1. Quick one: which of A:Phe240, A:Phe229 is within 12 Å of chain B (Cβ to nearest Cβ) and outside any helix (DSSP H, G or I)?
2. When you look at A:Phe112, is it surrounded by 12 or more Cβ atoms within 10 Å (Cβ to Cβ), outside any strand (DSSP E or B), at pLDDT 90 or above and touching a helix residue (DSSP H, G or I) at 6+ places or on another chain (Cβ under 9 Å), yes or no?
3. Can you tell me which residue is nearest to the chain's Cα centre (by Cα) among those in segment A:224-248 that are surrounded by fewer than 22 Cβ atoms within 10 Å (Cβ to Cβ) and over 25 Å from B:Leu398 (Cα atoms)?
4. Could you say whether any residue in segment A:97-104 is surrounded by fewer than 19 Cβ atoms within 10 Å (Cβ to Cβ), assigned to a helix (DSSP H, G or I) and either of a type in the set (S, T, N, Q) or more than 7 Å from chain B (Cβ to nearest Cβ) (or both)?
5. With the requirement that a residue be of a type in the set (Gly, Ala, Ser) and part of a loop (DSSP other than H, G, I, E, B), what does segment A:245-295 give you?
6. Inside segment A:48-96, can you point out the residues that are touching a helix residue (DSSP H, G or I) at 6+ places or on another chain (Cβ under 9 Å), more than 18 Å from A:Asn36 (Cβ to Cβ) and not in a helix (DSSP H, G or I)?
7. Would you check if there is a residue in segment B:235-248 being assigned to a helix (DSSP H, G or I), away from chain A (no Cβ under 14 Å), more than 28 Å from A:Asp278 (Cβ to Cβ) and among the hydrophobic types (A, V, I, L, M, F, W, C)?
8. Name every residue in segment A:186-225 that is within 30 Å of A:Thr134 (Cα to Cα), at pLDDT 90 or above and out of contact with any His (no Cβ under 9 Å at 6 or more places or on another chain), in order of residue number.
Amino acid sequence: MDYFAQQLINGLVLGSIYGLIAIGYTMVYGIVGMINFAHGDVFMIGGFIALITFLILISLGLTAIPVILLVVLLVSMAITALYGWTIERIAYRPLRHSFRLAPMLSAIGMSFVLTNYSQVSQGARVKPVPPIITGGYTLHEGAEGFAVQLSNMQIVVVITTIVLLAIFTWLVSRTRLGRDMRACEQDQTMASLLGVDVDRTISMTFVIGAALASVAGMMYLLYYGQVDFNMGFVAGIKAFTAAVLGGIGSLPGAVLGGLAIGLIETFWSAYFSVEYKDVAAFSILIIVLIFMPTGLLGRPEVEKV
Amino acid sequence: MTALSTETTHVSRTAGVHFILKKAFLSACTALVLFSLMIGIRTEAGPDGPLTYWTRFGELASMVGLVFGGSIIVELIRQWIGPIGAEKLVPTSVKNGMSLLGRYLGPALLVFTLLVPVIFYNQRYILDLAILVLTYVMLGWGLNVVVGLAGLLDLGYVAFYAVGAYSYALLATNFGWSFWVCLPLAGVLAAMWGVMLGFPVLRLRGDYLAIVTLAFGEIIRLVILNWQELTGGPNGVSGIPRPSLFGIPLDNSDDGLAALLHIEYSATHRIVFLFYLILALALLTNWVTIRLRRLPIGRAWEALREDEVACRALGINTTTTKLTAFATGAMFGGFAGAFFATRQGFISPESFTFQESALVLAIVVLGGMGSQLGVALAALTMIGGFELFRSLEGYRMLVFGMAMVLIMIWRPRGIIGHRAPTVFLTKAQAISSDLVKEGHG
């Protein structure tokens, strides 16, 4: 039971990270109708930028952990958001009225560019960092000496996810930008006729998605204590699975899906086999798409001829 | 929307130098922020564990300068060519010349390919490279059935390549079966996997289909990697037997081919044999595809690619159409995989990553989906280009990714490609009630 509780906590934390990435997929898919294949690599770039900012701040002699975390968060969100904007501008915008598969292929190309860009510029080796947030609580002391631990790090990850999700839910449901986004999601031509700047709205979607992915990258860095250039691919597919599971186009769905994938992966590793945890996640993607293509909270897609 | 965009380009054309400089400056500023941390600072784990970093402002400045210059050049080219997507008027003489070239390029290329072992007999490197190119031509043609003809985006094609390779490797090393027995078996097994993948994804389309095939490819790779008892896991399978010429081994032994023909043995014999083997397999793929295109099933594939709903409305069974496309494509992938295994003599999961799938897909897409000659030329360009940049390991995939993005922007239908349906009405025919009345219908 203690073991189960510990895995539940670990799974929820991992799921929060997936959920943050999944939001980027789900928003872009909702508005542009394309799978932003490079999104997993944007997450990786976010992790790298957080790492570099962190190193600089430490060498400048800063010691106040909350200040460091806040600065790292803001810097990596800002720069990664610019990455998101640039990627949309270079690789996707010229293809908006191209044939169906063109944006997808362009996104795959962009994903290769980002992966190899960080490999060339930062080297192929894994970058470790010492634990930044230490300490934690023992929730329950088990009979056989197994204690259920909740580390401060895990609390930070979950709280950050909840706060960001609240902010962005508010942004989408209450602000002008959110209204524009929802309008573009329904009908881009009609929205542009009614004075919505479609290009700008789509750019902003990518910016927000990239900013959230960079937070996920930073959380990943803090939680696992390392980043490498190759981590975007698998994390990206899992987050996409989360977005599909939660119902693509739905923000709460993305987080729900992320939590579900995180839990499934953790429990699978804990009770069956670590080697096949990715197989489990990918199988879920296939099973969900076959039996429940609209996901948990998604709307059924009506096919227009 | 269109009127708006032409208006802006008009404005940008007249704006001249000031506009270009401003745009280049903005691009350079963006680049400065983007590259500031990733290129300006280099991190590496120090000798005693913790990360250290050092600055690289020289590289950063040159990258920003490069973006500034590149932006000016791109803008100039854009003004020179005109807006993207505009119909370009090609003179008829050029058009005729191109079509003439197109008609004779294929046969000329084939004759040249047949002569490659004769011309480059003593150049082992070129022969090896030619075999590699032909392997990718074959994979491209196989995937072309799925992507180019049936219009189903398959990102996990390498899975069938892997199934073919491992089928041959395991059957040959465990049971000692010969290549010629295993080759059809590898094809059949891969085709079965194609159907297994095809069944669940029948209802999916477009992007979803692409992601599911990608997941499928990764699952196959992960299973191969982790099922150590059967596949040897990351160590792979080694000691895979070399192919024989219908039972006659191509080696230095007394009953080898060289001894039978009373000629001096040379290692090149085997390479030449492998070359013609893959050429034959590739041509088989091409021939089958061309023949299938003229059969009802091929027509159905093309119809499916153009419009699935219309296809269904016309009474085409989309289930069998999709499944046959997957199975046919997978079968050729399996053949290519078996060839790969016998040529290398050693296979491991590393050869079957997503990058391979993307590479084959890029060949198909850049070649112009559906065009056989285009795919062959694209394979030649890509694999040849990869060889040229062999020394720049890390930059190779970077350039590959950039090329993929640029070509999608510049020629989304592929460089050589045309994907006109093979059947269409040559003459407009009036069908009206008075024709029907007279019984002409």
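The values are calculated or read from the model by the stated rules, or taken from the named source; none is laboratory data. Worth saying up front: this structure is predicted, and the values here are computed from it rather than measured. Cβ: placed from backbone, ideal geometry, glycine included. Neighbour counts: every protein chain shown.
1. Only one candidate qualifies: A:Phe229.
2. When the stated conditions are applied, A:Phe112 passes them.
3. A:Tyr224
4. Within segment A:97-104, not a single residue is surrounded by fewer than 19 Cβ atoms within 10 Å (Cβ to Cβ), assigned to a helix (DSSP H, G or I) and either of a type in the set (S, T, N, Q) or more than 7 Å from chain B (Cβ to nearest Cβ) (or both).
5. Hits for segment A:245-295 are A:Gly247, A:Gly249, A:Ser250, A:Ser273, A:Gly295.
6. Correct list: A:Leu62 only.
7. no
8. Residues satisfying the conditions are A:Ile208, A:Ala211, A:Leu212, A:Ser214, A:Val215, A:Ala216, A:Gly217, A:Met218, A:Met219, A:Tyr220, A:Leu221.
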